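The structure under discussion appears below in the form of structure tokens.
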Amino acid sequence: MTMRLTFTAAIGLAILSLTLTHDTWAAQAGFAERDITPDIGMEQPGGYGKSFHRTFHDACKVRAAVFQDGDNRVAILGLDALTVPRHLVLACRQAIEQKCGIPADSIMIAASHSHSSGPTGMVQPGEFDHASEFVQKLAYEKSSAADPIYLERVQTAIVEATCEANEKLAALNVGFGSGIEDKVAFNRRFRMKSGFENTHPGQGNPDILSPAGPTDPEVGVVAAWDDEGQLVGCIVNFVCHATVNPGGISANYIYYLERVIRGVMGEQVIVVFTAGASGDVTQVDNLSPYSRPQPEQWSRMVGGRVGAEAVKVMYLMETTKDFAVASRNKVLQIQRRAPRPDRVQAAYEMLENSNPKADATELTFAKETVMLDALIQKEPVVDAEVQAVQVGPVVFVSNPAEYFCQYGLDIKQGSDFPLTFPVSLANGCVGYVPTEEALGPRGGGYETRLSSYSNLIPTAGTTFADEGIALTKQLQPDTIPTRPPHPAFSGTGWLYGNLPPQVD
């Protein structure tokens, strides 16, 4: 009897050991979310002045996806936020690594760039404490500024969502794919008869010659189902500014993207959104002969169509429980481009002797010139991280910029992965990073103006692309799962189909 119990126990322990070894080795995925809806009265970010939330439309969220194979774990987070400042990223990574062991440099934290979200940007707490009282007033009282209390709330939510997703890791069935949605996003920059480039020159403008940049209609998707066929979570990547404000606090068009996916797949689905290289791509079609939709309708159009395309992609996916995950990153030192001393002096004079009738645009950029001059005195070179995170046959390649679309296409072309999804405004924020052409002698437009927000040297975008592509070369892509091959032809088809016509 004792021998039988011993033998049975040994068999049980062996089976348990095999099970644990398999579960530890098998690739897994987990998803979670947290609410980061700002309070009524908090600042609405975006632009170079102050604006405040007065109404509520829908919740803003942190959404987290964690993946692991036998040896590695990575996390990809999407925030309903205008930007995610670098100091917040570093603090969150440190806390996540301490709490649940995901390596700090294997965590990607990306903002959707929702202009209807909470105050995570643009001026950061204490950022201008080194400057004169005059400049501090411009920065803290006259500019869009982050709220330190809200930043703490967001940090807590990021850490909690990531650790919950980590706790929920399970051997899910994961699929990978992409589709096309080409009716809702347009390049907003145009070559003009003047010989220069303009941003949003206006519908019907007879001086428009052609768009000054491309669009990228690819809808990238990674999705995970449980063994009962229930979608647990997904990541959706798309290229379009989140400026389709439906009115009030909102995740922007991402809200409707999520509603469509949940409406088809189930209300429990976690939808992580990452913005592609959309620095010059928005929902506005400057070449359209028709009036623009109202904000609510417009938000439904963009989010609804992108969400529907993501669903279509998911329905064609084959899945696997065997995929690799990995991460590589590099922190670059990028120099700011400084305004000329005479422009700084002229800006001070304009602001100190401000005329109520002065041009509002010139006053705004005078303020930004003075603030940039103060930033350069403190930090002439900025840290800018690029990162490549692999999930099977997909690689997410990030940068911290409002990155022009052409660079995203360049990264896709340079990558050896079956699916490459650039992610902008991730792991920090360095403002607009236009192409070298846009910053050249025949360039121009809103994104090229120097400001405390956008100021990197013209080669920054190329550097981000080159370094991002180089990181992908350090990874080994998986193949996209497919159905098993069909057996060789047996010599006969469908017997009912091989019949002569019958007309009588």
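The values are calculated or read from the model by the stated rules, or taken from the named source; none is laboratory data. Bear in mind that the values here come from a model prediction, so they are computed numbers and not experimental data. Here the Cβ is made from the backbone with ideal geometry for all residues, glycine too, and neighbour counts use every protein chain on show.
A few remarks follow.
- Unmet requirement for Ser144, which otherwise passes all of (1) of a type outside the set (A, V, I, L, M); (2) more than 20 Å from Val430 (Cα to Cα); (3) touching a residue at least 12 places away in the same chain (Cβ under 8 Å): (2)
- Single unsatisfied condition, Val311 versus (1) closer than 27 Å to Gln28 by Cβ; (2) touching a residue at least 60 places away in the same chain (Cβ under 8 Å): (2)
- Pairs where the first residue, in segment 478-504, is among the polar types (S, T, N, Q) and modelled with pLDDT of 95 or more and the second is in a loop (DSSP other than H, G, I, E, B) and surrounded by 10 or more Cβ atoms within 10 Å (Cβ to Cβ), C-beta under 9 Å, 6+ apart: Thr479/Gly392; Thr479/Pro393; Thr479/Pro418; Thr482/Glu318
- Close pairs from segment 448-459: first over 18 Å from Ala139 (Cα atoms), partner among the charged types (D, E, K, R) and in a loop (DSSP other than H, G, I, E, B), Cβ under 8 Å, at least 6 apart: Leu456/Arg337; Ile457/Arg337; Pro458/Arg337; Pro458/Glu436; Thr459/Glu436
- Criterion applied to Pro339, Pro400 was being over 27 Å from the mean Cα position of the chain (by Cα) and within 23 Å of Asp280 (Cβ to Cβ), and the one residue passing it is Pro339.
- Some residue of segment 405-418 being closer than 27 Å to Gly177 by Cα, of a type in the set (A, V, I, L, M, F, W, C) and touching a helix residue (DSSP H, G or I) at 6+ places or on another chain (Cβ under 9 Å): yes
- Scanning segment 140-180 for residues that are touching a Lys or Arg at 6+ places or on another chain (Cβ under 9 Å), more than 22 Å from Ala110 (Cα to Cα) and not hydroxyl-bearing (Ser, Thr, Tyr) yields a count of 5.
- The lone criterion from (1) out of contact with any helix residue (DSSP H, G or I) (no Cβ under 9 Å at 6 or more places or on another chain); (2) aromatic (Phe, Trp, Tyr); (3) surrounded by fewer than 24 Cβ atoms within 10 Å (Cβ to Cβ) left unmet by Phe396 is number (3).
- Here is the figure for segment 245-284: residues that are closer than 23 Å to Gly428 by Cα and of a type in the set (A, V, I, L, M, F, W, C) total 9.
- Every residue from segment 369-395 that is among the hydrophobic types (A, V, I, L, M, F, W, C), out of contact with any Ser or Thr (no Cβ under 7 Å at 6 or more places or on another chain) and assigned to a strand (DSSP E or B): Val381, Val382, Ala384, Val391, Val394
- Residues of segment 193-221 classified as among the charged types (D, E, K, R) and either over 19 Å from Thr274 (Cβ atoms) or loosely packed, with under 14 Cβ neighbours inside 10 Å (or both), total: 3
- Taking first residues from segment 317-338 that are within 30 Å of Ser452 (Cα to Cα) and partners that are at pLDDT below 95 and buried (at least 16 other Cβ atoms within 10 Å of the Cβ), no Cβ contact under 7 Å between residues at least 6 apart in sequence or on separate chains turns up.
- Per-region count, segment 405-462, residues acidic (Asp, Glu) and surrounded by 22 or more Cβ atoms within 10 Å (Cβ to Cβ): 1
- The condition of being surrounded by fewer than 22 Cβ atoms within 10 Å (Cβ to Cβ), free of Cβ contacts under 8 Å to residues at least 60 places away in the same chain, farther than 30 Å from Val284 by Cβ and of a type in the set (A, V, I, L, M, F, W, C) holds for only one of Ala104, Ala131, Ala171, that being Ala104.
- Residue match in segment 148-160 (condition: on the phi < 0 side of the Ramachandran plot, crowded, with 24+ Cβ neighbours inside 10 Å and either β-branched (Val, Ile, Thr) or at pLDDT 95 or above (or both)): yes
- In segment 294-346, the qualifying residues are those that are among the polar types (S, T, N, Q) and surrounded by fewer than 21 Cβ atoms within 10 Å (Cβ to Cβ), and the one that is nearest to Pro103 (Cα to Cα) is Asn329.
- Total residues in segment 292-309 satisfying the condition of being acidic (Asp, Glu) and more than 16 Å from Gly220 (Cβ to Cβ): the figure is 1.
- Segment 469-498, subset of a type in the set (S, T, N, Q) and farther than 22 Å from Pro393 by Cβ, residue nearest to the chain's Cα centre (by Cα): Ser490
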